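As structure tokens, the structure follows; a few thoughts come after it.
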Amino acid sequence: MGTCSGILARELMNATTALSLRQRPGRAICAFIGLVLFAAWGARAQDYPNRTVTIVAPSAPGGMYSILARLIGSKLERLYGQSFVIENRPGASSITGAVFVAHAAPDGYTLMTAATTTLATNVSLHRTLPYDPLTDFIPIVQIARSPEVLLINATLPVHSIEELVTLARSTPGGLSFGSAGPGTGQHLNGELLKMRLGIPMQHVPYKGFCGRAGCA
């Protein structure tokens, strides 16, 4: 490929392959997470990059978008000898960050980590979006697969799905489940679990992954 996106794709494939097993997300039924850029990018590969590149993570610090952006950014800094700055722009199930990138200058110096929420789910959940994932962005490379895992408070007397169902049905008002925000994969998976098991559950949205996990 003669374009910058092709150059970045090859370098990122090498960078993600080089991540240690402890750093790389496990393989499971999971969400696609990739690196994208503004679609109207016309920069030439031989000129790129000659200044600081911004990678937008459309989540709060500590979230998967943010962690992967920092891992990839550090690899690209060593490869290119230029600064790759991570900018967190959380809000509205990644819409805030996606809009910022869609409206950025089409020069290839604003990238974004994006998952199925940004590129597919939001299209189904919103009648109108302030961005078009098909025309506003160009995918560069898939950089990770993020598994979704059901976790419960360790103090609960539950050791199986069957015991969780029993507890939910015997608890007045049912149980609550947290997610990184409305429309995220955690939210939709929680609603699917609620529907499939036929149990009462209330959704509690947090502002990012750390809010629901209690990390500092």
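The values are calculated or read from the model by the stated rules, or taken from the named source; none is laboratory data. Since this is a predicted model, take the numbers as computed values, not measurements. FYI the Cβ positions are ideal-geometry reconstructions off the backbone, even for glycines, and counts take in every protein chain you see.
With respect to (1) surrounded by fewer than 18 Cβ atoms within 10 Å (Cβ to Cβ); (2) at pLDDT 90 or above; (3) under 30 Å from LEU193 (Cβ atoms); (4) not hydroxyl-bearing (Ser, Thr, Tyr), the lone exception for GLN142 is condition (2). Tell me, yes or no, whether the range 75-83 has at least one residue that is closer than 12 Å to MET112 by Cα and at pLDDT 90 or above. The answer is no, given that none of the residues of the range 75-83 is closer than 12 Å to MET112 by Cα and at pLDDT 90 or above. Note on the range 176-204: residues that are among the aliphatic types (A, V, I, L, M) and in a helix (DSSP H, G or I) total 5. Those helices (runs of 4 or more DSSP H) of the range 94-170 in which at least 3 residues are of a type in the set (A, V, I, L, M), considering only elements entirely within it, cover 95-102, 161-170. Only one entry in ILE72, ILE55, ILE29, ILE86 is assigned by TED's automatic domain parsing to the domain that holds VAL123, modelled with pLDDT under 55 and either under 18 Å from LYS207 (Cβ atoms) or among the β-branched types (Val, Ile, Thr) (or both), namely ILE29. In this structure, does ALA180 turn out to be modelled with pLDDT under 90 and under 15 Å from the mean Cα position of the chain (by Cα)? In short, yes. When LYS194 is evaluated against the numbered criteria (1) touching a helix residue (DSSP H, G or I) at 6+ places or on another chain (Cβ under 6 Å); (2) not assigned by TED's automatic domain parsing to the domain that holds ALA69, which criterion, by number, is the only one it fails? The number of the failed condition is (1). For ILE152, the requirement of being on the phi < 0 side of the Ramachandran plot, without any contact (Cβ under 8 Å) to a residue 40 or more places away in the chain, surrounded by 15 or more Cβ atoms within 10 Å (Cβ to Cβ) and aliphatic (A, V, I, L, M) is not met. Tell me whether the range 106-114 contains one or more residues that are touching a residue at least 60 places away in the same chain (Cβ under 8 Å), under 19 Å from GLY63 (Cβ atoms) and among the acidic types (Asp, Glu). No, the range 106-114 contains no residue that is touching a residue at least 60 places away in the same chain (Cβ under 8 Å), under 19 Å from GLY63 (Cβ atoms) and among the acidic types (Asp, Glu). When the range 120-139 is limited to residues that are within 17 Å of ILE55 (Cβ to Cβ) and modelled with pLDDT of 90 or more, the one that is surrounded by the most Cβ atoms within 10 Å (Cβ to Cβ) turns out to be PHE137.
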